[in-house]
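See below for the structure under consideration.
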Amino acid sequence: MNPVNYLYLAALLFAIGASGVLIRRNAIVVFMCVELMLNACNLALVTFSRMHGDLDGQIVAFFTMVVAAAEVVVGLAIIVSLFRSRHSASVDDASLMKL
Amino acid sequence: MSFPLLTATAALPAIGAIATAAVPAARRTAAKWLALLFSLGTLVLAAVVFLRFEPGGDRYQLTESRAWIADFGVRYELGVDGIGVALLGLTALLIPFVIVAAWHDADPLETKSTRWRPTQGFFALILMVEAMVILSFVATDVFLFYILFEAMLIPMYFLIGGFGDRAHAGSDESAATQRSYAAVKFLLYNLAGGLIMLAAVIGLYVVAGSFSLSEIAEARANGSLEMATSTERWLFLGFFFAFAVKAPLWPLHTWLPNAMGEATAPVAVLITAIVDKVGTFAMLRFCLGLFPEASKWATPVVITLALISIVYGALLAVGQRDIKRLIAYASISHFGFIVLGIFAMTSQGQSGATLYMVNHGISTAALLLVAGFLITRRGSRLIADYGGVQKVAPVLAGTFLIGGLATLSLPGLAPFVSEFLVLVGTFSAYPVAGIIATSGIVLAALYVLVLYQRTMTGPVQESVRSMPDLRARELAVAVPLIAVLIFLGVFPKPLTEVVNPAVEHTMSDVQKKDPQPEVEAAK
Amino acid sequence: MENLIALLVAAPLLGAAVLLCGGRRLDKTGHWLGTALAAASFVVGLILFTDMLGKGAEDRALHQHLFSWIPVEGFQADIAFQLDQLSMTFVLLITGVGTLIHIYSIGYMEHDERRRRFFGYLNLFLAAMLILVIADNYLLLYVGWEGVGLASFLLIGFWQHKPTAATAAKKAFLVNRVGDMGLSIAIMLMFTTFGTFAFGPVLESADETSQGKLTAIGLMLLLAACGKSAQVPLQSWLGDAMEGPTPVSALIHAATMVTAGVYLIVRSGAIFNAAPDAQLVVVIVGAVTLIFGAIVGCAKDDIKKALAGSTMSQIGYMILAAGLGPIGYIFAIMHLVTHGFFKAGLFLGAGSVMHGMNDEVDMRKYGGLRKYMPVTFITFGLGYLAIIGFPGLSGFFSKDKIIEAAFAKGGTEGWILGSVALLGAAITAFYMTRVMLMTFFGEKRWQPDADGHEPHPHESPKSMTIPMIVLAFGSVFAGGFFAIGDRFVNWLEPVTGYDHGHSPLSAATVTGATVVALVIGVGIAWGMYGRKPVPVVAPRGSVLTRAARRDLLQDDFNHVVLVRGGEHLTRSLVYVDHSLVDGVVNGTAASVGGLSGRMRKLQNGYARTYAVSMFGGTAVVIAATLLMRAV
Amino acid sequence: MNALAAATTTSTGEAVQFWILGTVAVIGALSTVLLKRAVHSALSLAGTMIVLAVFYLANGAYFLGVVQIVVYTGAIMMLFLFVVMLVGVTAADSLKETLKGQRWLAAGCALGFGILLIAGIGNASLSTFNGLGAANARHGGNVEGLANLIFTKYVFAFEITGALLITATVGAMVLTHRERTERAKTQRELAEQRVREGKHLPPLPAPGVYARHNAVDIPGLLPDGTPSDLTVMQTLRERGQIRDVSQKSLADLKALEQRSGERLGREDADATTRGSGPASAAENSEAAK
């Protein structure tokens, strides 16, 4: 097997995650799908790291994880406070941007 | 490098603008005097420029050059030729009068003094416009000119939209609506023109590799810059469109009546007598100077448009019911003459067009400012609201009449000289165009006299019965302008002296020679 | 001596400036100042005249170059004067008659609160008119030409509170502007043809260019002359111009300004001599106006308008003469000068009558005034005799010469023109007799006006009668003085040239025919107005009479075609500008706005929709990158 | 493992592992997207992440593999679950699309994007594999290698990440923290307020009363037979987890009670007791039939 297959898998997961972001209305699930996309990226990075024989790819993946963690903390906090005020976790309810 | 006189001339009003804007809210009068002082200082500097300018010397004088945006070869390059000097003088001369005429225009009314320091803002904006216009007359770098050409829209927008005519017929609210409509229309038209010009400016840089007028001219002269015919034509069209909007040429003129109608008279003077001149000036300097072949190629169309402007503007002026709109359409007609003179490409036509810019500035200022005094008194812009003013305010009527006579180019007043030169110049190159343009003088008489007759003569209307005559401040505006009109009408030599060499340069740019008189040619 | 020429203009110009800018404090003395400066100009003219008489005929012309006016590459216009015999004649006429009318106005305008301004305008007129006649190039002449137009505008509309006066002033200026357009085109043609428009070079090299160009220049000059001199088809303003104060009518619309067209044609003689087609048009215009004006003059009941018709007709004579070429130039000028005397006198007389009759102008409400106003009657009568060409008086000599010259034109043309001129003489005799009879003879017909004031006809003050007497003196003797020994011909010949021509009729025959025409005209008038009382209310009259009362329907034509048509044109253009030119722009704006409204709906506020477009955009970018790499 | 990672093609073992676990990962991802309940989605995602951790290990990224399990699956996913609990575990999302065309656009975009990526990867020349053996060995192991890079080359990024984390923590606290702006009301004050407002002076009714159920999520019936949401606790109300007792089943219930009452001549209370339990009203009526 060629390790390129990992990349195909990463692309597939990324696309699935993206479609989830677009389709699901529950903010928590949307968030999960974002995490899925990030993980797909990480997989690709790790695979690239292996291809190049270089650890830099893993470093970037590591940073991605850290930032993702930070993002999740803030994102979930936002969801919680949104739920408190609007009693709903649907992203469609927050359509106040419309004039 | 010697003292940067041109920079100083442009910088002084800019500094004045900042200083005026900084005057505390309660010291309105101080702000006015400060603005007047700075404009007079600019006039002095402009006079120094005029005196230092040597008609027989280099094409561009008092030059300055500094690197600005080095990566794109943009330089801060200044220099004046005869045409620039004439228009610089016009601007510096008119602004003090505009300021004095607008003395009370921006006073906050006691009932609605909600706006933040309107007086300071108003006069600061006027000085700002002056600074930009002066700089655009002396910029010899295409990019620098473009920036100023666009930037002056901003203060003008606020002057039109923010300080409208108090003497509006309708309610305050509808006045505000119409005013902002006019301001937006002004802005959109000119921005559209400017945008197309920007494309042409970039195109020019791509083709020529420089923004400097002198460098491009040199490159063309020694053959190192060859422009393909179609490229030159496209670039010409880009520039010309912007200037035709500004000038304004038929059919791109409709913003002018709105803007002039809604703005106060002094601001209208600023529009038509000063800012619009940048358009015609730029046609002469950039269209003809940079793209001589394309200019010659476009001449038939441009002349046709100019003729339409002349006749159309005059006919529409006859049909107007609003004093200021009437003057606006008259200006459109006059701008037709200027463009005609420029594109006739004869010495007389171009000298005439240059003089026309100056003279039209002064005569329109005289007529419009006096009309503004009249409108302020009665509180209406409609011609039908007046009648018999001559009887109650003879001095006002008299100055109005002289302004009107200057507008219809009565011999002895300055506009005659320029109009006749334009006509002769056009006639010698394009006889039919010359004859059509000549019909403009009859139409001019028609709209001026109809305006005068309806407002000033006839039985005294009840609403004007207690109208006071011109006050000292207003006389201080009208009389000097009229004196200048008469002086330049009888003795235009100081102007023609500086303009002639510049016109020779332009004529050699386009490589045209005046048509020989038949009799001499036969010999 | 040349340096005095500018003084001719400077004096009245100074007067105008001082009087118009001086303000109220000059109200008391302004009229004296104005009159004094007019007289000063006259004195300067006399000094120059005596100097000129002392020189040989060929070197009488004086030149003064003041400064270069419009120096532009290839275009030289100077402020420079030229005073030759022709200009001198005009200078004396203008300043002389002008001074007299200034004096007259002191009395006539006594009760007008704006008298100072009136004198300012009069001085302005004198200055402009003098510039017109002493300019040494066509462009400076144009300055004077428009200047007198301005003065005429200001003076016709002097009583601006009357809408009719304001309208008449505007009309005069506008119609004149049409003529001015001709003059400026003529100047432009000269510039392209000769490279200059100074009299000297243009007239010297007139025959070096093509016939077509010269004809064009000539016709354009004629258009200018038609406007200024109220010739068909631009005559309509003159009748209305009578709205101005009577001294104005006398000075501007009888003696001087309206004759500027004749001056222009005579001055440009060299061009017309070389362009026979243009000359032909000139004589036709002259002949038509001659009859036209006379017919109008027959029908008017307004004394000033009757005189205005007469002026038109008499200038028709002059134009006719000027169109005849060197045969007629001198007689045109001679008639112009004598006409200046007697027509000014007639107008001043009419003014005097109006002064005594509470400004009543309708001749049907006069009658029998000779008893009340003896001086006016006598001076008016002498002017009357002069204009109808009573043998021995001024008009006889000048008009007779013109009729003779018309016959001398030769061929069918000559016969036709001569007959027209003779016919004109008969009609002149008719309408002037009519004026005379209706005003001074018969029973008194005046009635109390609406306020119950009955007019008390009285003789006018001295300041008014003295000028009338002087002018009457001129009306009687000037013609004879000029004609005897061909003084006038010798005087002007160096400038205009002279050609005696060969008349098919002897001079005596022509004179006889003229006298017969005169007698016939007077006789018919006597039959109609002298033998039976004049009705106070005008009878309906024949079709021709009614048309003539309305200036032969010329105004109606103008109104329908030009005024109405113009109104419709401007109104529809205003509409076009608003809805078409502006409409295109506003339409574009509206469609952009509509499109934006549609596009706005894409911004529905749902984050997921935005996410889709972001994602789609990313996909497109990646696809583009891949494609670029693939290519 | 080192030898495996260094090879340009992988061993058969890794291939087998890839194909099996890869399938699991994709199924997990799909379930994340498609399952109705958030808690199921979270669990599926956790599964996928564990698979990914294995793949990291297989790719020679030992440190990341462990971090993935500890941080992602352990910490982050638990955080998700906490929030899911907070919002409501049982609440199922409706998968009905409300935005017009959104689903098709999303599917199209995702599909197109995936195809593009795959095509891009396929086109790229990725045939040579260096393997991580040398890189890991240079500093004596994967962890040491990473540490070396983090604290030298990427030290600034690392420090800034620290700042980011602190900020995120503070941010989360700020976002979720509710400042008490006034003193809490005492019981007496609350009682007085209730009297002043004049509503619900007595305690709220208990759920399930008169409704043959005593489950907390079933509203009690008012005397006229209509269900009253007030009987259900506020948290459930806000989550929308009130189980509906439809009017029809209420009517059925009434009829059943009437019939059994007639037949058995029993009291109503007995019928209620007999029908108690976790089953729904509908099941009850079916059972009765």
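Give me the one-decimal nm value for the distance between modelled label points at C:TRP526 and C:HIS63, 7 Å along each residue's Cα-to-Cβ direction.
It is 5.7 nm.
Using each residue's phi in the range D:154-166, evaluate 6.51 cos²θ - 1.76 cosθ + 1.60 at θ = phi - 60° and report the 3J(HN,Hα) Karplus result to the nearest Hz, with x for Gly and Pro.
9, 5, 5, 4, 4, 4, 5, 4, x, 4, 4, 5, 4
On a 0 to 90° scale, report how tilted helix B:142-151 is relative to the longest principal axis of chain B, with both axes built from alpha carbons and the result rounded to the nearest 10.
Helix B:142-151 sits at roughly 20 degrees to that axis.
For C:611-618, what's the mean count of beta carbons from other chains sitting within 10 Å of each residue's beta carbon?
Working: counts 8, 12, 2, 2, 10, 7, 1, 4.
Partner Cβ neighbours, averaged per residue: 6.
Can you give the local net charge around B:VAL442? Use residues other than it whose beta-carbon is closer than 13 angstrom to its beta-carbon, Lys and Arg +1, Asp and Glu -1.
0
Calculate one ³J(HN,Hα) per residue across the range D:183-195 by plugging θ = phi - 60° into the Karplus curve 6.51 cos²θ - 1.76 cosθ + 1.60, and present them in order as whole Hz with x for glycine and proline.
4, 5, 6, 7, 4, 4, 4, 4, 4, 4, 4, 5, 5
Mind giving me the FRET efficiency for B:GLU462 and B:LYS296? R0 is 51 Å, r the Cβ-Cβ distance, nearest 0.05 is fine. Can you show the working numbers first?
Details: r = 59 Å, r/R0 = 1.15.
With a Förster radius of 51 Å, E is 0.30.
Determine one quarter of the surface area of the Cα convex hull of chain C, which equals its mean projected area, and express it in nm² to one decimal.
In nm², the orientation-averaged hull projection of chain C is 43.4.
Expressed as an acute angle from 0 to 90° and rounded to the nearest 10, what is the orientation of the C-alpha long axis of helix B:153-162 relative to the principal long axis of chain B?
Rounded to the nearest ten degrees, it is 10.
Taking the mean number of other Cβ atoms within 10 Å as a proxy for protection, how do you rank B:350-357, B:55-62 from highest to lowest? Display every interim value, and only then the final one.
On the way: B:350-357: 30.9, B:55-62: 15.9.
In decreasing order of mean packing, B:350-357, B:55-62 become B:350-357, B:55-62.
Quick one: grab the alpha carbon gyration tensor of the range A:4-86, order the square roots of its eigenvalues as a ≥ b ≥ c, and give me rounded if a/c is under 1.5, else prolate or oblate depending on whether a/b is larger than b/c.
Numbers: a/c = 6.66, a/b = 1.79, b/c = 3.71.
Oblate, because a/c is 1.5 or more while a/b does not exceed b/c.
Say R0 is 60 Å: what FRET efficiency, to the nearest 0.05, do D:VAL155 and D:SER94 get from their beta-carbon distance?
Values: r = 49 Å, r/R0 = 0.82.
Using R0 = 60 Å, I get an efficiency of 0.75.
If you take each beta carbon of peptide B:492-501 and count the beta carbons of other chains within 10 angstrom, what is the mean? Don't jump to the answer; show the numbers that get you there.
Numbers: counts 6, 5, 0, 1, 7, 1, 0, 2, 3, 1.
Mean partner shielding for this stretch: 3.
Under the rule a/c < 1.5 gives rounded, and otherwise a/b versus b/c splits prolate from oblate, where does the range B:394-487 land using the Cα gyration tensor? Before the final figure, lay out each step's value.
Working: a/c = 5.15, a/b = 1.84, b/c = 2.81.
Cα axes put the range B:394-487 in the oblate bin.
Please compute the net charge surrounding A:LEU76, taking Lys and Arg as +1 and Asp and Glu as -1 over other residues with Cβ under 14 Å from its Cβ.
Working: positive: A:ARG84; negative: A:GLU35, A:GLU71.
Every neighbour counted, the sum reads -1.
Any chance you could check the Cα centroid distance between the range B:88-106 and the range C:99-127 for me, in angstrom?
38
Average projected area of the Cα convex hull of chain B, in nm²?
Values: hull surface 95.8 nm².
The orientation-averaged projected area of the Cα hull of chain B comes to 24.0 nm².
Describe numerically, in nm with one decimal, the distance between label points set 7 Å from Cα along Cα→Cβ at D:ASN130 and at B:VAL184.
Going by the 7 Å Cα→Cβ label model, 6.0 nm.
Working from Cα positions, state the angle (0 to 90°, nearest 10) between the long axis of helix B:414-429 and the longest principal axis of chain B.
With rounding to tens, the tilt is 40 degrees.
Across the residues of D:57-67, average count of Cβ atoms on other protein chains within 10 Å?
5
Which cross-chain or sequence-distant (5 or more) residues have an amide H under 5 Å from the amide H of D:LEU222, H modelled 1.01 Å from N in plane?
D:SER228
For the range C:396-411 and the range C:308-333, what is the separation of their Cα centres, given in Å?
10
Residues with beta-carbon under 14 Å from that of B:GLY57, excluding B:GLY57: net charge, scoring Lys, Arg +1 and Asp, Glu -1?
Numbers: positive: B:ARG52, B:ARG59; negative: B:GLU54, B:ASP58, B:ASP81, B:GLU497, B:GLU504.
Net of charged neighbours comes to -3.
When N counts the residues of the range B:1-154, how does its alpha-carbon radius of gyration compare numerically with 2.2 N^0.38 Å, as a ratio?
Working it through for the range B:1-154, the quotient is 1.13.
Tell me which lysines have Cα within less than 21 Å of C:LYS401's Cα, excluding those fewer than 8 residues away on the same chain?
C:LYS343, C:LYS409
Lysines within cross-link reach of C:LYS162: Cα-Cα under 19 Å, excluding same-chain residues under 8 positions apart?
List returned: B:LYS391, C:LYS170, C:LYS171, C:LYS304, C:LYS305.
How many nm separate the modelled label positions at D:VAL195 and D:ALA163, each set 7 Å beyond the Cα in the direction of the Cβ?
Using points 7 Å along Cα→Cβ, the separation is 5.9 nm.
Just to check I understand the Karplus step: with θ = phi - 60° and J = 6.51 cos²θ - 1.76 cosθ + 1.60, what whole-Hz values come out for the range A:42-51, glycine and proline as x?
3J(HN,Hα) across the range A:42-51, in whole Hz: 4, 4, 4, 4, 5, 4, 4, 4, 5, 4.
Which lysines have a Cα less than 27 Å from the Cα of B:LYS277, not counting those fewer than 8 places away in the same chain?
B:LYS32, B:LYS185, B:LYS246, B:LYS296, B:LYS324, B:LYS493, B:LYS512, B:LYS513
Out of residues 5 or more away from D:ARG37 or on other chains, whose amide H comes under 5 Å of its own, with H placed 1.01 Å from N in the peptide plane?
Distant-sequence amide H within range of D:ARG37: D:ASP93.
For the range B:196-320, count all C-alpha to C-alpha pairs, find those more than 16 Å apart, and express that count as a whole percent of the total.
Working: 5093 of 7750 pairs.
Of all Cα-Cα distances in the range B:196-320, 66 percent exceed 16 Å.
Using only helices, what value at 222 nm comes out for chain B when you add -39,500 (n - 2.57) per DSSP H run of length 4 or more and divide by the total residues, to the nearest 500 deg cm²/dmol? Mind dumping the intermediate values first?
Numbers: 22 runs with 369 residues, N = 523.
For chain B, the value works out to -23500 deg cm²/dmol.
Throughout, read-outs are computed from the coordinates displayed, never taken from laboratory work. Not measured: the values here are computed from a predicted model. With ideal geometry, Cβ positions are generated from the backbone for all residues, glycine too; neighbour counts draw on all protein chains shown.
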